[in-house]
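Encoded as structure tokens, the structure appears first; notes follow it.
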Amino acid sequence: MEERIRSQSESRRVSAALLLETQGLTRHFGGLAAVNRVDLRVAEGEIVGLIGPNGAGKTTCFNLLSGFIRPTAGTIRFDGEDITRLRPHQVVKRGLVRTFQLTTLFQELTGLENVLLGLHLHSRRSLGRALFSRRRFPPDEIARSREVLEFTGLASQADQLARNLPHGHQRVLGIAMALAARPRLLLLDEPVTGMNLDESGRVMALVKTIRDRGVTVLLVEHNMKAVMGTCERIVVLNFGQTLAEGSPAEVSTNAKVIEAYLGAGLAHARG
Amino acid sequence: MRRLRVGVLIVLGLLLLLVPPLGGDYYVHVFALVFTNVILAASLRPSLTCGQLNIGHSAFMSIGAYASALLAKNLAVPFEVSMLCGALVAAVVGLGIGYPSLRLRGVYFAMVTVAFVEVIRLIAQLWVPLTRGMSGLSGIPKPNLLGVTLATKASQYYLALFLMLLTLLILWKLESSRLGLIWKSIGMADNLAQSLGVNIANHKLLAFMLGCFFAGVAGAFYAHFIRFLFPPEFGFLMATNILVYNYVGGRGHFAGPIVGAAFLSLLSEPFRGSAYETIFFSIAMLLTILFLPGGLITLPGKLAELRGWKSASAHSPSPAA
């Protein structure tokens, strides 16, 4: 994990290469275009926020990027490779790892076991090893999982069942698992929703640390304070289309964005 | 705690070794069938852990039984080879049926497996030149292991015990490895498992085929032990029984299906083959769902909890309550 992160952060300094690029990404559900010709670009080392009112297509966008649903049209390129038609587990293998809205965890497993599953792609495993090894998990995998728990501040919760963790910790555990999969691009789906100010502040600080260690972050979030304080660039979706794009300051003063969020009346009142 | 458990297991194992010399042929027969049921129940567990409701396990037992019996009877193949062939045929058929249908979830997959049981039963019934159909396949040789024919019921009992222990050992090792954790993860949240890079289709298929393989082993032993195969025996009823073993025993632990199979097959022994057998299994299932949703294996914990609660309330009557 460390080596990859270090080499990535070095390459980031040299050039901010395009990591993720969608062209004309479209997904229809029946007659509804949930995502409509979206061109999304994420450069290596960025923290990009994807925002928009409810039903704007943010989560559909995530599902498309992570391979859970197939686009009706358009392409997704990750690090130059076309990943449009890949299945979820193949997408993860390329280094594009997502988390889920709400607390999607392996509830009946411990924190450590959850993170060990996050290591899935990087573990040596075979039927022979399963049958003849005396150990359940190699010590290095356990050590690495504990490292990730430590990094995310969950070290003391390693042996708790996931379902017994407080809400905030459950959300962070979801991030820890994604980190264990060694992402190059981390897709966070509403990482701080339902958290209090203190908790969300800590998670957003964690997101920054993750980025500083060389992982690019694309996040969907409704908590504007968190988004504005963390993201360097924001893409606003509305009715499945890109409405605006730019720095937090640009986006938050954009008339079209204000209209989408607050309705036309207020924009007129301000204008 | 761990020592205690190992000790209990060793004592239990020794007791099982002593059944043939101490019990009569009747007990030997009954226990050998219990061992087959344990293999069947335990081999269904990986698939259930992945969240796939398989109500067709008896079909694979049937396939293993017929394949092994026909090989031994018609080609004089020794038991160790015919059993392996039977198990492999069951696993390959499992691959054929599992590959397309494991994409289905919940009740849809269950329906495919139910239909499959009937298909296999009908094939066994209608392919008369090969299986003798409804006349039943008789004259199956006794298990011939490494050149020695196991003529006595007692020796066949030990064979069954050995096969059961070997099966349980393999399944236990797999379940407690990373593979078992992956199966559990698929059962709990398959979308999350996928998002961590787990190829859930392949893992479900592996768990399913593994179950089919050991169901084939159970079938092969059964064929050479009873020495008579009758298609309706491996029907829907037996398939549901295997499922009931898992639920009554408990889904939460590896011991669940073992306890369930042993408990239910011993208790249902007086009704074996009669109409009451179905009623017995239904009642057992209903009672479990109502009173012990976690299965029999949660009974000790429940009792301890009850006792602790009683003594706690006796010592310190809480004013808040």
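If packing is taken as the average number of other Cβ atoms within 10 Å across a peptide's residues, how do A:212-223, B:129-140 rank, most packed first?
Highest mean packing first, the order is A:212-223, B:129-140.
Over the whole of B:195-206, what's the average partner chain Cβ count within 10 Å per residue? Rounded to a whole number, please.
Mean shielding by partner chains, rounded to a whole number: 6.
Evaluate peptide A:86-92: per residue, the Cβ atoms of other protein chains within 10 Å of its Cβ; return the mean as an integer.
Rounded to a whole number, the mean comes out at 5.
Under 13 Å between C-alpha atoms is the cut-off here; go through the protein assembly as shown and count lysine pairs that meet it, provided they're at least eight residues apart or on different chains.
So the count works out to 4.
Ranked highest first by the average count of other Cβ atoms within 10 Å around their residues, in what order do B:187-199, A:179-191 fall?
Top to bottom by mean Cβ count within 10 Å: A:179-191, B:187-199.
With unit charges on the beta carbons (Lys and Arg positive, Asp and Glu negative) and the dipole taken about the Cα centre of the protein assembly as shown, which residue among B:Val148, A:Ser247, B:Ile97 sits farthest to the positive side?
The Cα lying farthest towards the positive end belongs to B:Val148.
In deg cm²/dmol and to the nearest 500, what is the mean residue ellipticity at 222 nm of chain A if only DSSP H runs of at least 4 residues count, each as -39500 (n - 2.57), divided by the residue total?
-12000 deg cm²/dmol
Calculate how steeply helix B:255-267 sits against the longest principal axis of the alpha-carbon atoms of chain B, using the helix alpha-carbon long axis, and give the answer as 0 to 90 degrees to the nearest 10.
Taking Cα atoms only, the helix is inclined about 70 degrees.
Loop-only GluC sites (Glu not before Pro) in region A:102-200, please: DSSP not H, G, I, E or B, and at most 16 other Cβ atoms within 10 Å.
Taking region A:102-200 and a limit of 16 other Cβ atoms within 10 Å, the loop GluC sites (Glu not before Pro) found are A:Glu108.
May I ask for the distance between the Cα centers of region B:38-97 and region A:134-169, given as a whole number of Å?
Centre-to-centre distance over Cα atoms comes out at 39 Å.
Using only Cα atoms, tell me the angle between helix A:197-212 and the longest principal axis of chain A; keep it within 0 to 90° and round to the nearest 10.
The answer is roughly 80 degrees.
Just how far, in whole angstrom, is region A:201-251 from region B:231-294 if you go by their alpha carbon centroids?
Here the two parts' Cα centres lie 54 Å apart.
Given only helices, namely DSSP H runs of n ≥ 4 each adding -39500 (n - 2.57), what is the per-residue ellipticity at 222 nm of chain B, to the nearest 500 deg cm²/dmol?
Here the helix-only value at 222 nm equals -24500 deg cm²/dmol.
What percent antiparallel are the DSSP beta bridges of the protein assembly as shown, to the nearest 5?
Expressed as a percentage, antiparallel bridges in the protein assembly as shown total about 60.
What is the angle, in °, between the Cα long axis of helix B:2-17 and the longest principal axis of the Cα atoms in chain B? Nearest 10 is fine, range 0 to 90.
30
Considering only DSSP beta bridges whose two residues both sit in chain A, what percent are antiparallel, to the nearest 5?
If we restrict to bridges inside chain A, about 55 percent are antiparallel.
Within 10 Å of each Cβ in B:171-179, how many Cβ atoms from other chains are there, averaged over the peptide?
5
Magnitude of the Cβ-charge dipole of chain A, K/R +1 and D/E -1, about the Cα centre, nearest 20 debye?
740
Among B:Ala239, B:Pro300, B:Val217, whose Cα projects farthest towards the positive end of the dipole of region B:182-321, with charges put on the beta-carbon of Lys, Arg (+1) and Asp, Glu (-1)?
The residue sitting most towards the positive pole is B:Pro300.
Coordinate-derived values only; no laboratory data. Computed from a predicted structure; not experimentally measured. Note: ideal-geometry Cβ built from the backbone for every residue, glycine included; neighbour counts use all protein chains shown.
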